[in-house]
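The block underneath contains the structure these notes are about, expressed in C-alpha cells.
The values are calculated or read from the model by the stated rules, or taken from the named source; none is laboratory data. As the structure is a computational prediction, the values presented were derived from the model and not from experiment. Cβ placement follows ideal geometry from the backbone for every residue including glycine, while neighbour counts extend to all protein chains displayed.
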Amino acid sequence: MLCRMTDAPKPSPLASPEPWNLVADDYAIELLPMFELFSKDALKLAPTHAGAKVLDVACGPGTLTLLAAEAGCSVSSLDFSPQMVRNLKRRLNGAQQGADVREGDGQALPWGDGEFDAAFSMFGLMFFPDRAKGFSELHRVLKPGGAAVVSSWAPFEGIFVSIMSAVREVLPDIPFGSGKGPLGDPDEFASELRGAGFSEVSVQPITHILPGDTPAEFWAQTQRTTAPVVLLKNRLGEAEWRRVTQGVVERLEAQYGKDPVEVKTTAYLGFGRKS
C-alpha cells in the first residue's frame, strides 16, 4: 500500500541510543584508525588552535574530542548513548586529557548562544530525527565568525557494497542497505547547512584508503561495529545468524578470495560559518 503524502516517515532505528550502546565497546577500538583520519581532516577546516572552545556533538567514541583536547582546545562533548559517554570519559582519563562530556540530545544542546569557536558532528548529526534542528542548534551555539563541520558517508563502494549485497541475497525479504544514506547527496547537504543560517557553505568529498582484513575478518568486524548489522543479528537470533554469516562469507570469498582486501572509504565534510 502506498503511503499518503501526509504520513510521517518512520524514524531511523539509528536515531535511538540502543544500537550505539550495543557497539560502543568495539566501535572505539576497531574503527579508531578510520575515524582519526576523517577527524583530522575536519579539524583542519575550523578554528581549533590552543584555547579555542570546541564542541563535539554526537561524539560517539570521542575520536575528535581527544584530538582537539590534545591540541589544547577547551572541548565540550555530547552523545545520547550512555555507554559511549562512559567509554569516552574512561579514554580521556587514560590519556590524561580533560573535556566536558555530557549525555544529551544534539537537537537541544545544553549550552548557551554563542559559546563556541568551532562545532563538529562526525557521522552523528546525519542520523538525527530532526536534522534541521541539529544544524540550527550548531549554528546557535557558535560565536559570530565560528565554523561548523559535519560529516556524512558518501555512497559506499568496494567491499562495503559487496557486504550489503550479500546480506540482501541471503535475506531477500529484508531491505538491508538499500537506498541513499542520510546526507548522502552533497547538494542536499549544502542546502541543509544554508537552511540553518550558515554562510560560506561547502561540501567536499574526502577519501582514505586503509589496509584491509580478509573478507571473513572484515565481516566479523562488521558484526561487532556496524549498528544496523548488530540490530539485525539480535533480531534474528544465533541459529539464523550462523546461516547468514556462512552465506555472506561464501559470497565475499567468491568475489575477493581469502586474502586481505584494501578498504576505500569516502566521506563528505560539510562546512559552514556563522556570520
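In the range 190-201, the residues that are farther than 15 Å from Val149 by Cβ form Cβ pairs under 6 Å with partners that are assigned to a helix (DSSP H, G or I), at six or more places apart or across chains, as follows: Gly197/His139.
Please specify each residue of the range 113-146 satisfying the condition of being buried (at least 22 other Cβ atoms within 10 Å of the Cβ) and not in a helix (DSSP H, G or I). Matches in the range 113-146: Phe116, Ala118, Ala119, Phe120, Ser121, Met122, Gly124, Phe128, Leu142, Gly146.
Counting residues that are at pLDDT 90 or above and more than 21 Å from the chain's Cα centre (by Cα), which helices (runs of 4 or more DSSP H) fully inside the range 156-264 reach at least 1?
Values: elements: 159-170, 186-195, 215-225, 227-236, 238-256.
Per the criteria, 159-170, 186-195, 215-225, 238-256.
Checking every residue in the range 248-261 against the condition of being of a type outside the set (Phe, Trp, Tyr) and touching an Asp or Glu at 6+ places or on another chain (Cβ under 7 Å) gives at least one match.
Residues being under 24 Å from Glu30 (Cα atoms) and polar (S, T, N, Q) are represented in the range 196-212 by at least one member. Tally up the residues in the range 69-85 that are in a helix (DSSP H, G or I) and either surrounded by 22 or more Cβ atoms within 10 Å (Cβ to Cβ) or within 18 Å of the chain's Cα centre (by Cα) (or both), please. Counting residues in the range 69-85 that are in a helix (DSSP H, G or I) and either surrounded by 22 or more Cβ atoms within 10 Å (Cβ to Cβ) or within 18 Å of the chain's Cα centre (by Cα) (or both) gives 4.
Kindly provide the set of residues from the range 171-192 that are hydrophobic (A, V, I, L, M, F, W, C) and touching a Ser or Thr at 6+ places or on another chain (Cβ under 9 Å), ordered by number.
Step one: list which residues in the range 171-192 are hydrophobic (A, V, I, L, M, F, W, C), which gives 171, 174, 176, 183, 189-190.
Correct list: Leu183, Phe189, Ala190.
Can you confirm whether Glu115 is acidic (Asp, Glu), modelled with pLDDT of 95 or more and out of contact with any Lys or Arg (no Cβ under 7 Å at 6 or more places or on another chain)? So Glu115 fails the test.
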